[in-house]
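What follows is a single structure, written as structure tokens, with notes after it.
The values are calculated or read from the model by the stated rules, or taken from the named source; none is laboratory data. Predicted, not measured: the structure shown is a model, and the values here were computed from it. Using ideal geometry, Cβ is built from the backbone for each residue, glycine included, and neighbour counts are taken over all protein chains shown.
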Amino acid sequence: MYSRDDSVRVVVQGVFPGKHGPPYCVAQADGIDGSVTFSLDPTVWVEQEYPEPGETVLLENLRNKRAGWRAKKGRFWKLSDEQKENRKEHCMKKSLKDDLSGIVKIYGEFTLEQKEVWRQWVDLCERGDENKKLVALLSSDVDHVFKATALMILLTPSSEQKFLPVYWIDRWAVGFTGHWWRVEKGGEVLSLLSPQLIAFGARVLCANIQPLKGSEDRGDKHALNDLNYTLIDFLAKLPVASVEAGQCFRLFSLREIVPPYCDTDFSSGYQPFYNLLADKEVPEVWKVTADADMRERIRAEIAGSAKPRAEWEGALDWYRRTLSQLGDGGRYSVELLADQLSFYLSVSDLRNKSQCHIFPERAYKVLKGKQFRHLRHLLAQYAAYVEPGFLVYDPKSSDMARMVIEEFKAVDTELAALYFKELEKWKAQSVLRVGQEKKEKETAVLRGIEEKAFLGAMR
């Protein structure tokens, strides 16, 4: 059990009656993944009145248990706390310059001549074009000190650029955003850099993330969210045993950091977790560790000791989405995929098809060999007996049906019969579709002949 004694500012999400004791609260805090729970027993909650959902409180003496974070002391957030927090944030941001300066000294500083060359180059940069110029420096044949400087500026949000220990026109700079990193293919640019430069960039990235954690500023949250996605690119390039890789992963958030949002196309949630698993270059050790963290959140939400920030951010549902998209394999080992599927089937409400549909036909073909026979049987049963049942609708699902029939017809005749029935139904529909398509083609040919005849008559 890991413990820490510092205080944290949280927002109460709900107040719940205790089963065998006083009521308790579930809260959310920026910078802490999952929820924080605290009892309203007088030995913990020191105020006379109970907090209400939406209120901000200060918690102390946090303990990280299997089901999530627990606080041993709590009270309402005060105006003096706000003032202290603002002073603390200001000091943290001022210390960023010292941190970046220290990193630069370790890697190498400008000589007097290089410093003047850099100043002249910056003055020549056109407004709005500086990020492209910096990216071009990274892929060009210039001294490593210039590349390190360019990388440091590119990884620094606009709100932090005034703390850069080098000459830079911060009033021009847009600063780091996820948009330009994707447009300029920042992850690919890292492939052009030396291992030393990548390690340098990772240190800069982590130094920029630290002051932003816990900030209530909307711009800071979005900058932190973009930096969080960039950690994945560095984890893909850094050696697993390096100090920088460990620091990057400790700062990585499985869930998006921006406030919850939901529209017709996108919603907030565990997209960073999905991106980490989907990146083929990220070492599997980080995927296994992240997956274990995700499972703890799922168990905590099922047990009621944790609560999603919004209804569309449920950990189990995001786990389902991830498996449904990555279940065809290729991004990580079959062993990890099999373990994920086994876990999912063990915790899902199999009576609820909308909750648990994971397109098993995508994973079934990947799970080859005797060691996965039991899991294949479970997947086949899951697909057949959960409403509305297994449907053959494309070549992948028809392949799964044939494999299930062949493998389990001797040991599970009922299951094999269900798959045979669906396969025959799909074959009959396929014959009808072929006939219909043939008729449509013939109709189109006749229509074309008629149109040509009319055109000839018009001449």
### Query
So is Y382 among the aromatic types (F, W, Y), in a helix (DSSP H, G or I), surrounded by 16 or more Cβ atoms within 10 Å (Cβ to Cβ) and more than 31 Å from the chain's Cα centre (by Cα) or not?
no
### Query
Which one of these is surrounded by 11 or more Cβ atoms within 10 Å (Cβ to Cβ) and at pLDDT 70 or above: D99, D143?
D143
### Query
With V11, V36 as the choices, which residue is hydrophobic (A, V, I, L, M, F, W, C), in contact with a strand residue (DSSP E or B) (Cβ under 7 Å, 6 or more places away or on another chain), under 16 Å from N61 (Cα atoms) and not in a loop (DSSP other than H, G, I, E, B)?
V36
### Condition met for T230 (within 24 Å of W181 (Cα to Cα), assigned to a helix (DSSP H, G or I), among the polar types (S, T, N, Q) and at pLDDT 90 or above)
yes
### Task
Filter region 280-336 for residues that are crowded, with 20+ Cβ neighbours inside 10 Å, in contact (Cβ under 8 Å) with a residue 60 or more places away in the chain and in a helix (DSSP H, G or I) and give the result.
R297, A300
### Query
In region 147-158, what count of residues is obtained for those that are in contact with a Ser or Thr (Cβ under 9 Å, 6 or more places away or on another chain) and either part of a helix (DSSP H, G or I) or surrounded by fewer than 22 Cβ atoms within 10 Å (Cβ to Cβ) (or both)?
2
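Can you find a residue that is within 31 Å of the chain's Cα centre (by Cα) and outside any loop (DSSP other than H, G, I, E, B) anywhere in region 40-54?
Within region 40-54 (the criterion being within 31 Å of the chain's Cα centre (by Cα) and outside any loop (DSSP other than H, G, I, E, B)), the answer is no, since none of the residues qualifies.
Counting just the residues of region 413-422 that are touching a residue at least 12 places away in the same chain (Cβ under 8 Å) and more than 23 Å from Y344 (Cα to Cα), which one comes out surrounded by the fewest Cβ atoms within 10 Å (Cβ to Cβ)? Lay out the reasoning, then the answer.
So the first thing to find is which residues in region 413-422 are touching a residue at least 12 places away in the same chain (Cβ under 8 Å), and the list is 415-416, 418-420, 422.
Then drop every residue that is not more than 23 Å from Y344 (Cα to Cα), which leaves 416, 418, 420, 422.
On the way: A416: 20, L418: 21, F420: 16, E422: 21.
Filtering region 413-422 for residues that are touching a residue at least 12 places away in the same chain (Cβ under 8 Å) and more than 23 Å from Y344 (Cα to Cα), the one surrounded by the fewest Cβ atoms within 10 Å (Cβ to Cβ) comes out as F420.
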#### Entry: In region 36-67, the residues that are over 24 Å from R295 (Cβ atoms) and hydroxyl-bearing (S, T, Y)
S39, T43, Y50, T56
### Summary
The condition from (1) surrounded by 14 or more Cβ atoms within 10 Å (Cβ to Cβ); (2) at pLDDT 80 or above; (3) among the aliphatic types (A, V, I, L, M) that I32 misses is numbered (2)
### Task
Just one of (1) farther than 19 Å from S333 by Cα; (2) modelled with pLDDT of 95 or more trips up L277, so point out which.
(1)
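Keeping to region 233-279, report how many residues are part of a loop (DSSP other than H, G, I, E, B), free of Cβ contacts under 8 Å to residues at least 24 places away in the same chain and assigned by TED's automatic domain parsing to the domain that holds A207.
1
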### Task
Please go through region 109-146 and pick out each residue that is of a type in the set (F, W, Y) and assigned to a helix (DSSP H, G or I).
W118, W121, F146
### Task
Identify the residue in region 199-252 that is of a type in the set (K, R) and under 18 Å from P272 (Cα atoms) and, among all such residues, is surrounded by the most Cβ atoms within 10 Å (Cβ to Cβ).
K237
#### Entry: Boolean, F343 is closer than 20 Å to K287 by Cβ, surrounded by fewer than 20 Cβ atoms within 10 Å (Cβ to Cβ) and modelled with pLDDT of 90 or more
yes
